[in-house]
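Every number in this text was worked out from the coordinates using simple rules, so none of it is lab data. In this text the structure is predicted, and so the values were computed from the model without any measurement. Note that each Cβ is placed from the backbone with ideal geometry, even for glycine, and that neighbours are counted across all protein chains shown.
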Number of protein chains: 2
Amino acid sequence: MLKKERQALILREVNIHNKVLLSDLSTKLEVSEDTVRRDLQELADAQKILKVRGGALSKSYHVYSYKERDIYAYQSKTIIARKAISLLRDGMLVLISGGSTNLEIARILPPELRVTFVTVSLSTAMQLLEHPKSETIFIGGQLSKSAKISVGGEVVAQLNHFRPDLCFMGANAIDAEEGITESDWEVVVIKRAMIQQSAKTVLLSIAEKLNTRQKLRVCNLDSIHTLITELDPVNPALEPYRKTGLTII
Amino acid sequence: MLKKERQALILREVNIHNKVLLSDLSTKLEVSEDTVRRDLQELADAQKILKVRGGALSKSYHVYSYKERDIYAYQSKTIIARKAISLLRDGMLVLISGGSTNLEIARILPPELRVTFVTVSLSTAMQLLEHPKSETIFIGGQLSKSAKISVGGEVVAQLNHFRPDLCFMGANAIDAEEGITESDWEVVVIKRAMIQQSAKTVLLSIAEKLNTRQKLRVCNLDSIHTLITELDPVNPALEPYRKTGLTII
DNA sequence: TCAAATGTTGCAAATTATTGCAAAAAATAG
DNA sequence: CTATTTTTTGCAATAATTTGCAACATTTGA
């Protein structure tokens, strides 16, 4: 087997599987590990792969978190925010939770919109204050260091005083069977209260969070009304969720 | 599994769910907790995540940046903040208002201090959340776009539930005869309530604000107990205030 | 305050890399 | 085709990295 031929095979393998192990290649190509190592080195020098200890990775594997405004999956979140904003009408009372997607909604909110927002998230509140016409009401309480939101029974009691038309809720994990799940109990309590009070709950989730689970359940999918992702509503990946009767936009 | 591959998975998990536990990762990736801990350390060194005890957090949750050069009379405010902090003791309940001096207090708060803060200011609350040991309670309500604090009767009612040991109040204008004055009526109402509830009120003011007046009176100087400026307590400029019986530090 | 959980450090075993070298293979010139 | 040079390959010794473990320190929460 020629050297070029071998390297072509290696490159193909890397691109198909996103990773290769030195030992596997050595076996498959029937050459010593030293030879494979030298081949990988050459391919890496030619910028075709990413060499790591023990093997190599495809270059597309590592495109994470460069610019992107420091926010993970920023593009997707902007698409979701735009879809969510299309649901807003002047005069609405809207409950809005924390998370970077909701932050993005607050950021790109059309200036002429007159909506009253109710929130427990410090970051979201900060951003909403930049808006010229909308009002913001913050539900106070003990603040959670990790989620940066108000938590505790007092918050739930306060939420009872509102009957919002809409609730924009950021997802942590969503699964067709398990429903909406969270990792933080305090957040679960707040989210449940928010959902219960709202006439309509809109769940915002990037596609990457679909079919993932955490340990604590917030609610089943039938407790919410609309699901927004960055995907086209007819995307097959959303089929399991459509089946549960969710409106998908 | 390759080391880089594992770290990429961890990074993805953190970015999707905002928070991961060491123990969960160890189980999911089938490596020892030591290895996960080392991976988290490397990702944190590369500024990709925020390592905390027991796991890690996404960086996009921690975007609050404090720019000291944006703050007028920054040096003076740091001196005032240090003096104010010297009054704090473990276990105290402290009411703290908004303004850049209070923000500076929150920023340079000694890490080992265990104080419970109550505030109506979004910025102050945000900064206090960065502190490892102190608790923060936010009094919610309608938010004022200009002052970025909760305002309204509801806030006053909530304040009644607290009996703080200390109140750190940022000054807008202070004068030996006129007392403390403000330009914003909503702020006046809140400040009065804060002073009334607290066992001791500490007024924080840069020397520049001494002998200035605004149109709305908050209270006379005999309603407060301590005055902190960046000046030496024996400075002659403070004489008129000492006469009113204020403690000056 | 104490007990439990988490973090730190040093260490040894296993794995992977690097280097130099000699034999094999391929390329080149005569 | 042969002799010579160049490249490639495998091997061995050595170095570096990774990993899990255990002892010890620190932090946390009751």
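For the reader, a short list of remarks on this structure follows.
- Approximate spin-label separation A:Arg89-B:Asn211, in nm, with each point projected 7 Å along Cα-to-Cβ: 6.1 nm
- GNM flexibility winner over chain B from B:Ser97, B:Ser183, B:Ser26 (Cα, springs under 10 Å): B:Ser26
- Relative contact order, percent, the stretch A:1-160 [alpha-carbon distance under 8 Å, six or more residues apart]: 13 percent
- If you take all other residues with their beta carbon under 10 Å from the beta carbon of B:Gly140, and give Lys and Arg +1 and Asp and Glu -1, the sum is -2.
- Going from the residue with the fewest nearby Cβ atoms within 10 Å to the one with the most, A:Phe117, B:Phe168 rank A:Phe117, B:Phe168.
- Per-bin percent of Cα-Cα distances, the stretch B:3-61 [5 Å]: 4, 22, 39, 26, 8, 1
- The sum of -39500 (n - 2.57) across all DSSP H runs of n ≥ 4, divided by the residue count of the protein assembly as shown, sets its helix-only mean residue ellipticity at 222 nm to -10500 deg cm²/dmol.
- Taking other C-beta atoms within 10 angstrom as a stand-in for reagent exposure, A:Met126, B:Met92 fall in the order B:Met92, A:Met126, fewest first.
- Put the Cα centre of the stretch A:137-202 next to the Cα centre of the stretch B:154-229 and the gap is 35 Å.
- Solvent-free Debye scattering, log10 I(q)/I(0), computed from the Cα coordinates of the protein assembly as shown at q = 0.09 Å⁻¹: -0.73
- Of all DSSP bridge pairs formed entirely within the protein assembly as shown, close to 45 percent run antiparallel.
- Other residues within the sphere of radius under 9 Å centred on the Cβ of B:Leu2, judged by their own Cβ, net out at +4 (K and R +1, D and E -1).
- For the stretch B:3-61, the relative contact order comes to 38 percent (Cα pairs under 8 Å, sequence separation of at least 6).
- In this rough spin-label picture, where each label sits 7 Å from Cα along the Cβ direction, the A:Thr35-B:Arg163 distance is 8.5 nm.
- Beta-bridge orientation, the stretch B:68-248: approximately 30 percent antiparallel, per DSSP, counting only bridges with both partners inside.
- For the stretch A:68-248, a crude dipole built from +1 on the beta carbon of Lys and Arg and -1 on the beta carbon of Asp and Glu, taken about the Cα centre, is about 180 debye to the nearest 20.
- Using alpha-carbon coordinates, inclination of helix A:33-45 to the longest axis of chain A, degrees: 60 degrees
- Helix A:185-197 vs. chain A, principal-axis angle (Cα, 0 to 90°, nearest 10): 50 degrees
- Computed about its Cα centre, the charge dipole of the protein assembly as shown is approximately 480 debye, with only Lys, Arg, Asp and Glu carrying charge at their Cβ.
- Across the identical copies, the 7 Å label point of B:Ser223, projected outward along Cα→Cβ, sits 4.5 nm from its counterparts, in ascending order.
- Where labels lie 7 Å past Cα in the beta-carbon direction, separation of B:Thr27 and A:Ala8 in nm: 4.8 nm
- Note on A:Ala44/B:Tyr74: beta-carbon distance plugged into 1/(1 + (r/R0)^6) with R0 of 45 Å gives a FRET efficiency of 0.40.
- For the protein assembly as shown, with +1 on Lys and Arg beta carbons and -1 on Asp and Glu, the positive-most of A:His17, B:Gly99, B:Gln47 along the dipole: A:His17
- Between the Cα long axis of helix A:3-17 and the first principal axis of chain A there is an angle of about 20°, rounded to the nearest 10.
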